[in-house]
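Peer 1: My questions all concern the structure below.
The values are calculated or read from the model by the stated rules, or taken from the named source; none is laboratory data. Treat the numbers as computed from the prediction; the structure is a model and nothing was measured. No Cβ is skipped: glycine too gets one built from the backbone with ideal geometry, and neighbour counts run over all protein chains shown. Surface areas here come from the heavy atoms of the whole protein model, side chains and all, with no ligands, DNA or RNA. Shrake-Rupley method; radii C 1.70, N 1.55, O 1.52, S 1.80 Å.
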Amino acid sequence: MRKNKKAATFWNLLLLVLALVLIASIPACGGGGGGGSDSSTDDTTTETTAPSSGTSVPSGTSDTSASGDMSSDTSSVSTLSNGKVLADVHGAGAQRSDPKSGDPDDYSDGHGPQGDVVYIYNYARCVRDDSSANTANKYPIADSGQNKCYDDGTSGEISCPAEGASYHGQDAQYSGNTPSYTDNGDQTVTDNVTGLMWQKGFQTMEWDSAASAAASATTGGYSDWRVPSIQEMYSLIQFSGATGSGDLTSSTAPDDAVPYLNTTYFDFEYPSENRYIDAQYITTATYVSQVMVDVAAGEFECFFGVNLADGRIKCYPKTVDLGTKTYYAKFVRGNTNYGTNDFQDNGNNTITDNATGLTWMKVDSGDSSVRSLSGYTNNDGSLKWQEALSFCEDMTFAGASDWRLPNAKELHSILDYTRSPDTTNSAAISSLFSITSINDKAGNTDYPFFWTSTTHLDGQTLGEYGIYMAFGEAEGLLDDSSSSSGTDTTSAPASGDTTGIPTDAPSGAPTGPPPGS
């Protein structure tokens, strides 16, 4: 199991120096031994040479289950040879986006203020619709709302490709449950797909105030409101939204910004203070591990919030250690089964979720038993976005040929937020699934990002980024400094002291400044 994450501070270093002086003053004794296999390794200052991005465990060593042993890890926080600290900054279960193509080596500092690690060559787990599944309307997934096609940003929006053509199989080419809402005229909105009822409006509050606020809410005359789960909150996200091409540090949203929410039915605001992209909505999903949001300050307990201004999930501090922080809150009621999986192992390397009606490949693109990877850039299962699309589109597996790359909301449905590399020695997915292990940039064992078929309309060039889910740690490259230089200090909705709250801001290509910087 990974060790708890601790960052080097002035006091840590001072104590270390004093300890070394004390040790040096003691006469040598025979047999004194350290507790680790590498006595020169210090968790807070480990310097390693970063392996090639996305390096996989050799072919044939895919974990037999998602609870694979992670005991080979010696440090969760490592200082790389470029002076950057590698740490889990967003949490296993985060939804982010990567450039669809390019060279990972061009992103040696990552991107964004937390230096999101950029792999570009991510993994794929294919899905198909299963009409035989007994869903009983338990976990119906509303479609993502993306109805346009994109390439890798070279041309941006394109005509949706024909079967067999490049970029065929993306989100807009498959229709799911069309989002459908009813405004009940009493400040409530019913989601006709999920069976959930929502407050039309929103509030701003601290995370630890949300549960009591929901319990006392009487919107529409109902008294059974609750804080939504991460699955419930994510059901509202619409990837027809766009972050916009304006200055991301501005409090004014640009004209081309579109909320990741259906604003015909739901009230929405861009924050009028700090950054317009900070509309993070509270959920009940507390990270079972901790994230590093400030190298100097150390680790923090956090909750997974859904940002409806920039279309991301990440883990946000839930305590007030960094000052008063407020987030957005929208409460829900009804369909208490929503978000609960009902997996069935079919015995043929596929798993059906009888809650959603989707059948998944039990293995992923890194498993050598799936198919030959000789026609792809890499042979370890890691793929560019276009390759991930074709990998699933061309798949014949378990007697079926209608496999496809899942959209963002579908792939999100199999994340398991009770699991993480740090706490269960596993990926954030049910142990019924097999998952390939990778080495992160410090050589630690981790689990991959997985591509979705959904384009993230983010950044300066529409189509450049594709959405992924982090089934392992969502790491970033921070500055090893006693200041908060690795952490955004301006990110919070509406009001409050914003010191130390992490950011969602992406950055552009490494050859130029990030959007809004």
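Peer 1: Looking at Tyr123, Tyr107, which one is at pLDDT below 95, among the aromatic types (Phe, Trp, Tyr) and either out of contact with any Cys (no Cβ under 9 Å at 6 or more places or on another chain) or under 30 Å from Gly443 (Cα atoms) (or both)?
Peer 2: Tyr107
Peer 1: Which of the following residues is β-branched (Val, Ile, Thr), within 28 Å of Asn177 (Cβ to Cβ) and modelled with pLDDT of 95 or more: Thr350, Thr336?
Peer 2: None of the others qualify; the one that does is Thr350.
Peer 1: Taking region 108-134 as the search range and keeping residues that are part of a loop (DSSP other than H, G, I, E, B) and open to solvent by less than 10 Å² (accessible area, probe 1.4 Å), which one is farthest from Lys384 (Cα to Cα)?
Peer 2: By that ranking, first place goes to Gln114.
Peer 1: Listed residues Thr423, Thr489, Thr436; which is in a loop (DSSP other than H, G, I, E, B), open to solvent by 10 Å² or more (accessible area, probe 1.4 Å) and either modelled with pLDDT of 95 or more or not hydrophobic (A, V, I, L, M, F, W, C) (or both)?
Peer 2: Thr489
Peer 1: Out of (1) surrounded by 23 or more Cβ atoms within 10 Å (Cβ to Cβ); (2) within 21 Å of the chain's Cα centre (by Cα); (3) farther than 30 Å from Gln203 by Cα, what's the single condition that is false for Leu411?
Peer 2: Leu411 satisfies every listed condition except (3).
Peer 1: Looking at region 304-315, can you tell me whether even one residue there is on the phi > 0 side of the Ramachandran plot, part of a loop (DSSP other than H, G, I, E, B) and more than 23 Å from the chain's Cα centre (by Cα)?
Peer 2: no
Peer 1: Kindly list the number of the only condition in (1) touching an Asp or Glu at 6+ places or on another chain (Cβ under 8 Å); (2) not in a loop (DSSP other than H, G, I, E, B) that fails for Cys392.
Peer 2: Here Cys392 clears every test but (1).
Peer 1: Please specify each residue of region 208-237 satisfying the condition of being assigned to a loop (DSSP other than H, G, I, E, B) and surrounded by 15 or more Cβ atoms within 10 Å (Cβ to Cβ).
Peer 2: Those that are assigned to a loop (DSSP other than H, G, I, E, B) and surrounded by 15 or more Cβ atoms within 10 Å (Cβ to Cβ): Ala217, Tyr222, Trp225, Val227, Pro228, Ser229, Ser235, Leu236, Ile237.
Peer 1: Moving to a separate point now. Within region 170-207, count every residue that is part of a loop (DSSP other than H, G, I, E, B), closer than 30 Å to Arg128 by Cα and either small (Gly, Ala, Ser) or open to solvent by 50 Å² or more (accessible area, probe 1.4 Å) (or both).
Peer 2: 7
Peer 1: Identify, please: which residue in region 338-378 is of a type in the set (Asp, Glu) and outside any loop (DSSP other than H, G, I, E, B) and is, among those, most open to solvent (accessible area, probe 1.4 Å)?
Peer 2: So the residue we want is Asp345.
Peer 1: Among (1) within 22 Å of Phe304 (Cβ to Cβ); (2) touching a Ser or Thr at 6+ places or on another chain (Cβ under 7 Å), there is one condition Asp446 misses while meeting the rest; what is its number?
Peer 2: If we test Asp446 against (1) within 22 Å of Phe304 (Cβ to Cβ); (2) touching a Ser or Thr at 6+ places or on another chain (Cβ under 7 Å), just (2) comes out false.
Peer 1: Do any residues in region 256-276 that are over 17 Å from Thr243 (Cβ atoms) have Cβ atoms under 6 Å from those of residues that are open to solvent by less than 20 Å² (accessible area, probe 1.4 Å) and β-branched (Val, Ile, Thr), where the two are at least six apart or on different chains, and which pairs are they?
Peer 2: Short answer, once both residue conditions are applied: Tyr265/Val189.
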